[in-house]
Amino acid sequence: MSAPIRITLGGYGPQNTTCSRGIKVIGDTLSSQFGSDIKLHYVWNVMDFGYNAADLFWMVEDGVLSLTYQSTSYIANRVPELDFVDLLFLFDDLSKARAAIDGEFGAWLTRSVEDRIPGYRVLGFFENGYRHISNRLRPVRTLEDMKAMKIRIMPGDIHRRSFELAGAVPCPLDLKPGLEAIVSGAVDGQENPLANTVDYNAHKIHRYHTLTAHCYHSRGIYMNRKQFDDWPQALQDGMRAAVRKAVLAQRELAVEEERLARAAIEAAGGEVTELTPDARRAFACAIQPLYEEARQKFGHAPFEMIGKA
């Protein structure tokens, strides 16, 4: 009898987060289908073992982990096409964003990653949701309110330049040092989905929260290509189906988690501000030079893919 195929699923969040629960859906689905033919292991949060969130990429590429999830911004320096999805105000609403990711636009992103990084298979995209701004200084109602504010952002050139154009002082930091900077006051604010803000306890430090919805972000689901391609076809097909099931489940969990996160912020004494349409337009206008650069760099095709979705 042949030895079971070992599959190690890992991430960078506690077991109760939506992505961790999505990972568990993948594992449970595979277990029910393949039983003793596979041996599953979970590493819920690599930061518990002294790693940074960004280390997940080399861990999967080198085969330490079989599969992980991570925000696409972290590898935009290796996959220029991912700069495009970092553009602020790219999607009008959640349904359009999901349709684009599930359609031709998501397929373009997948091809781009796999073509440029031979170590990966991209099996899908978890939802990181819309990102908002929180800070310890003052309510953000206009661009002027962000002037000179030090804001922790994810690594990525488009995010950095976007916040510069908006008048803030962007501080690109990986998650662990970013959280340390928030706690110490080395940065004034941060941008994240509300659920992340609560999961990382930033809401206990930041009083002011503005629902800017400035960026819809996905977390790619990356698998070690050699492991995946060496599997029997039935297991490859089973993994793809399990990931799709997990993506749909994680999206619903994320919507509910966002609702609960807002309630937690308000219960902790946080002030939640909605941007007016005029303020949102001013924010979007500030970063228009990046849209012009994107058209020159990528052409009209990505915009058309989103439009068709």
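When DSSP beta bridges are restricted to pairs lying wholly in the chain, around 60% turn out antiparallel.
Placing unit charges on the Cβ atoms only, positive for Lys and Arg and negative for Asp and Glu, gives the stretch 153-222 a dipole magnitude near 100 debye about its Cα centre.
If you take all other residues with their beta carbon under 14 Å from the beta carbon of Arg259, and give Lys and Arg +1 and Asp and Glu -1, the sum is -3.
Each distinct pair of alpha carbons in the stretch 61-137 adds a 1/r term; the inverse of their mean, the Kirkwood radius, is 13.9 Å. Considering only Gln227, Gln70, Gln236, the Gaussian network model of the chain with Cα springs below 10 Å gives its largest mean-square fluctuation to Gln236.
How far is helix 18-34 tilted, in degrees, relative to the longest principal axis of the Cα atoms in the chain, given as a value from 0 to 90 rounded to the nearest 10? Result, in degrees: 10. Across the chain, the mean sequence separation of Cα contacts (distance under 8 Å, 6 or more residues apart), normalised by length, yields a relative contact order of 25 percent. Taking each DSSP H run with n ≥ 4 as -39500 (n - 2.57) and averaging over every residue of the chain yields -14500 deg cm²/dmol at 222 nm.
Element breakdown for the chain at a 1.4 angstrom probe: carbon and sulfur atoms account for 52% of the accessible area.
The values are calculated or read from the model by the stated rules, or taken from the named source; none is laboratory data. Computed from a prediction, not measured in an experiment: that's the story for all the values here. A quick note on method: Cβ atoms are made from the backbone with ideal geometry, for glycine too, and the neighbour counts reach across all protein chains shown. Surface accessibility is based on the protein's heavy atoms, side chains included, excluding ligands, DNA and RNA. Shrake-Rupley method; radii C 1.70, N 1.55, O 1.52, S 1.80 Å.
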